[in-house]
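Below you'll find the structure, written out as structure tokens, and then a few comments.
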Amino acid sequence: MTIDINTRSLEIAIFDFAALVKKDVRDIVNQQAGMFVGNVIDITPPGSRSGSSSGGIGNEAKKRGESSMEADIRKLFPTTKMNEVKVQKLIDSKFNWKRGNETKRIVTQTAWSVDDLRRIHLAARNPNTGRTKVSGGGNMAITRKALLNQYVKEAKAKVGELNAGWLKGAYALKTSTRSTPAWITRHGDRNGSIDFLNRPDFIGVTIFNTNAYFPLDMESRIMSTIARRENALKKASDAILARRAQQASDRMRV
């Protein structure tokens, strides 16, 4: 997934702030990019699109991600204790299987190993978002409860991988990752990269997250994060100008 965001307003805010505090614009660019990538880690699913009120992604997001992952998997796999021969006969007779309280569906395949579950789940996932949707039972499979529980546990361990795709950028930009929980950092920074462009006429930082799946609203999440950094810079600039005006006023009254 490639997201091309117009950052012109943020760039203007960065240049204005750098001129105001008399610092090299390159330093401000790197500072803001570091803060930006920290914000993006927080708003990347399972984090909420507005980020955490506590200033960092928390365990409630992990639980939300695990619940979502488990629900997506379990809806694909009705379980049974029947022997495999009987199951196959029922499948051949187009028996209507029911998973929980859901509608009965004609399921055409079985999954008698974790490898089967993994393969069928992967095939059922949306290639862009990774979410699964039951398609009339054709992408479902009959399995065993113990096998399904084992695979769900394996899948839950992957929660946080999407967030970890930003860690390479965070480490390079010296973003504080003390508030980034272990369920994200455990995945390492292998699924990301960062490029710095530093020419006399152009300064840029490009951060890559190479994970396969992203939510449909990822672009708007990042746009909101860009706006967050822009507003923060403008508020900081206004505060400096107000303080200097007050200092000038105080000197005139002396």
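Under 5 Å between amide H atoms, partner at least 5 residues away or on a different chain: which partners does residue 137 have, H built in plane at 1.01 Å? Amide H to amide H, under 5 Å and 5 or more residues apart or across chains, residue 137 pairs with nothing. In this structure the amide hydrogen of residue 194, modeled in the peptide plane, comes within under 5 Å of the amide hydrogens of 208, none closer than 5 places in sequence on its chain.
Multiplying the residue separation of residue 68 and residue 129 by 0.36 nm and removing their Cα-Cα distance gives an extension gain of 20.7 nm. In segment 62-156, a dipole from Cβ-located charges (positive for Lys and Arg, negative for Asp and Glu) runs towards its positive end, and of 139, 110, 129 it is 129 whose Cα lies farthest in that direction. Between residue 245 and residue 219, full extension at 0.36 nm per residue minus the direct alpha carbon distance yields a gain of 5.5 nm. Taking Cα centre as origin and charging only the Cβ of basic (Lys, Arg, +1) and acidic (Asp, Glu, -1) residues, the dipole magnitude of the chain rounds to 900 debye. Axis of helix 218-253 versus longest Cα principal axis of the chain: the two differ by about 20°, to the nearest ten degrees. The relative contact order of segment 62-156 comes to 40 percent, based on Cα pairs under 8 Å that sit 6 or more residues apart. Beta-bridge orientation, the chain: approximately 85 percent antiparallel, per DSSP, counting only bridges with both partners inside. Between segment 158-194 and segment 82-127, what is the C-alpha centre distance in whole Å? First find each Cα centre; the distance between them is then 36 Å.
Here the chain is scanned for chymotrypsin sites (Phe, Trp or Tyr not before Pro) in DSSP loops (not H, G, I, E, B) that have at most 16 other Cβ atoms within 10 Å, and the longest stretch holding none of them is 113-212. Taking 8 Å as the Cα distance limit and 6 or more residues as the minimum spacing, I'd like the relative contact order of the chain as a percentage. The normalised contact order for the chain reaches 25 percent.
In the structure shown, the pairs 22/174; 158/234; 62/86 are assessed against 28 Å; a Cα-Cα span above that value is assigned to 158/234; 62/86.
For the pair residue 174 and residue 113 in one chain, pulling the backbone fully straight at 0.36 nm per residue adds 17.6 nm over the alpha carbon distance. For segment 62-156, the dipole from Cβ point charges (+1 on Lys and Arg, -1 on Asp and Glu) about the Cα centre works out to 320 debye, to the nearest 20. In a reduced charge model with +1 at each Lys and Arg Cβ and -1 at each Asp and Glu Cβ, segment 177-221 shows a dipole moment near 260 debye about its Cα centre. Taking 119, 243, 99 in turn, the Gaussian network model of the chain (Cα-Cα springs below 10 Å) assigns the largest fluctuation to 243. Build a GNM of the chain with springs between Cα atoms under 10 Å apart, and of 72, 24, 189 the one that fluctuates most is 24.
Of all aspartates and glutamates in the structure, those lying under 17 Å Cα to Cα from residue 75, and not within fewer than 8 positions of it along the same chain, are 66, 102, 116, 154. Here the Karplus curve 6.51 cos²θ - 1.76 cosθ + 1.60, taken at θ = phi - 60°, turns the phi angles of segment 137-144 into couplings of x, x, 9, 9, 8, 7, 8, 9 Hz, with x standing for Gly and Pro.
Which aspartates and glutamates, on any chain, are close to residue 98 with Cα under 19 Å apart, when same-chain ones fewer than 8 places away are left out? Cα-Cα hits under 19 Å: 70, 72, 84.
Values in this text are rule-based calculations from the coordinates and carry no lab data. These figures come from a predicted structure and were not determined experimentally. Because the Cβ atoms are built from the backbone with ideal geometry, glycine has one as well, and the counts that use them run over all protein chains shown.
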